[in-house]
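Contents: one structure, followed by commentary.
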Amino acid sequence: MRIFEQFPKEFECIVCKTNKNSECILVPIDGTLEGRNEEATPVHVDCLKTGFRYNKEVNFIYINLNKGE
């Protein structure tokens, strides 16, 4: 996983809904793979550290983007 030092100004983190300038990674978007190219969205590294959940029943790691709503 590549960590980028700056968050792109033209995007918004899908977890915290801000574009604060801090480390981020690119998270691939399901259904966008064409050959070796795939769309992705930037997400703050700090947001990922605090949001992961694991569902044992379906063996799936996820982040609840609707928490607090």
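The values are calculated or read from the model by the stated rules, or taken from the named source; none is laboratory data. Keep in mind that this is a model prediction, so the values were computed, not measured. For neighbour counting, all protein chains shown are included, and Cβ atoms are generated from backbone atoms with ideal geometry for every residue, glycine included.
Which of the residues belonging to segment 33-44 are out of contact with any strand residue (DSSP E or B) (no Cβ under 6 Å at 6 or more places or on another chain) and closer than 21 Å to PRO8 by Cα? Reasoning before the result, please.
Quick first cut of segment 33-44, residues out of contact with any strand residue (DSSP E or B) (no Cβ under 6 Å at 6 or more places or on another chain) only: 33-37, 39.
Across segment 33-44, the qualifying residues are ASN37, GLU39.
Please go through (1) touching a residue at least 24 places away in the same chain (Cβ under 8 Å); (2) among the polar types (S, T, N, Q); (3) in contact with a Lys or Arg (Cβ under 7 Å, 6 or more places away or on another chain) for ASN64 and return the number of the only condition it doesn't satisfy.
Status for ASN64: all satisfied but (1).
Got a number for residues in segment 1-13 being surrounded by fewer than 15 Cβ atoms within 10 Å (Cβ to Cβ), in contact (Cβ under 8 Å) with a residue 24 or more places away in the chain and out of contact with any helix residue (DSSP H, G or I) (no Cβ under 8 Å at 6 or more places or on another chain)?
Residues meeting the conditions: 5.
Against the conditions (1) surrounded by 14 or more Cβ atoms within 10 Å (Cβ to Cβ); (2) without any contact (Cβ under 8 Å) to a residue 24 or more places away in the chain, where does ALA40 fall short? Just the number, please.
Condition (1) is where ALA40 drops out.
Between a residue in segment 14-36 that is among the polar types (S, T, N, Q) and any residue that is loosely packed, with under 11 Cβ neighbours inside 10 Å and outside any strand (DSSP E or B), which pairs come within a Cβ distance under 7 Å, given they are 6 or more apart or on different chains?
ASN19/LYS9; ASN21/GLN6
Table: residues versus (1) in contact with a strand residue (DSSP E or B) (Cβ under 6 Å, 6 or more places away or on another chain); (2) part of a loop (DSSP other than H, G, I, E, B).
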| position | (1), (2) |
| --- | --- |
| PHE7 | yes, yes |
| GLU12 | no, yes |
| SER22 | yes, yes |
| VAL27 | yes, no |
| GLY31 | no, yes |
| LEU48 | no, no |
| ARG53 | yes, no |
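Any idea which residue in segment 55-69 is farthest from CYS24 (Cα to Cα), counting only those that are at pLDDT 85 or above and assigned to a loop (DSSP other than H, G, I, E, B)?
The qualifying residue farthest from CYS24 (Cα to Cα) is GLU57.
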